[in-house]
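Following: one structure in structure tokens, then a few remarks.
The values are calculated or read from the model by the stated rules, or taken from the named source; none is laboratory data. Note that this is a predicted model, so its numbers are computed, not measured. No Cβ is skipped: glycine too gets one built from the backbone with ideal geometry, and neighbour counts run over all protein chains shown. Heavy atoms of the whole protein, side chains included, go into the accessibility calculation; ligands, DNA and RNA do not. Shrake-Rupley method; radii C 1.70, N 1.55, O 1.52, S 1.80 Å.
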Amino acid sequence: MIQTGPVSDRTRTCALDYGEARVGVAVDDELGALAHPRGALPAHPEPALFAELVKLARESSVRRFVVGLPFDMRGGEGDSARKARAFAQRFADATGLDVELWDERLTTTEARRALASAGLRERTNKRSGRSIRAHVDEASAVTLLQSWPDAHRERGAA
């Protein structure tokens, strides 16, 4: 079931930065205060991806998934947003888990800046065997998940 607003109970949340090749994954802590990277998973085959995410949900007590919706800078939905929305619906339908869509504008830009400021360069990635894109996808999921509770706290404080 896709939610259009926040779920009110205190549960762990997993953010997914959907891409056609990989899906960046991050999970919040038990307090919902900090997002932690969980890597990037291959986007295909989808049944394998869904099984891995269900396993993560079970092992980490995740009750809600937040899928990034990449609006354009004017707030419109382009091809990437339509694909992310369709992915979120397929994931919700296949697993029965709660899925919420969340505006992810600029998360990739913020993730790239954070990785660069941490000194993560292409040279480092060649040694680790991980592509820069996998790091960016994972960091984008962290940025997405961090923005989600921050916005909910601001709403609660208002």
**Asked** In the range 44-77, which residue that is of a type in the set (D, E, K, R) and touching an Asp or Glu at 6+ places or on another chain (Cβ under 8 Å) is nearest to Ser140 (Cα to Cα)?
**Response** Arg64
**Complete:** Looking across the range 62-77 at residues that are without any contact (Cβ under 8 Å) to a residue 40 or more places away in the chain and buried (at least 20 other Cβ atoms within 10 Å of the Cβ), the single one that is nearest to Asp29 (Cα to Cα) is Leu69
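Restricting attention to the range 65-100, report how many residues are of a type outside the set (S, T, N, Q) and in a helix (DSSP H, G or I).
Kept after step one, since they are of a type outside the set (S, T, N, Q), are these residues of the range 65-100: 65-79, 81-88, 90-94, 96-100.
Restricting the remaining residues to those that are in a helix (DSSP H, G or I) gives 79, 81-88, 90-94.
The number of residues fulfilling the criteria is 14.
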**Close pairs (9 angstrom Cβ cut-off, 6 or more residues apart or separate chains): under 17 Å from Gly19 (Cβ atoms) in the range 45-57, part of a helix (DSSP H, G or I) and open to solvent by 20 Å² or more (accessible area, probe 1.4 Å) anywhere** = Glu46/Arg90; Glu46/Ala94; Phe50/Arg90; Phe50/Ala94; Phe50/Thr95; Leu53/Thr95
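Give the residues of the range 15-50 that are under 22 Å from Ala81 (Cβ atoms), in a loop (DSSP other than H, G, I, E, B) and either modelled with pLDDT of 95 or more or open to solvent by less than 10 Å² (accessible area, probe 1.4 Å) (or both), sorted by residue number. Walk me through it before giving the result.
Residues of the range 15-50 under 22 Å from Ala81 (Cβ atoms): 15-26, 35, 40-44, 46, 49-50.
Adding the requirement that they be in a loop (DSSP other than H, G, I, E, B) leaves 19-21, 43-44.
Residues satisfying the conditions are Ala43, His44.
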**Asked** Residues in the range 78-86: is at least one surrounded by fewer than 16 Cβ atoms within 10 Å (Cβ to Cβ), touching an Asp or Glu at 6+ places or on another chain (Cβ under 6 Å), modelled with pLDDT under 90 and over 18 Å from Ala141 (Cα atoms)?
**Response** yes
**Request:** Can you confirm whether the range 103-110 contains a residue that is at pLDDT below 60 and assigned to a loop (DSSP other than H, G, I, E, B)?
**Result:** yes
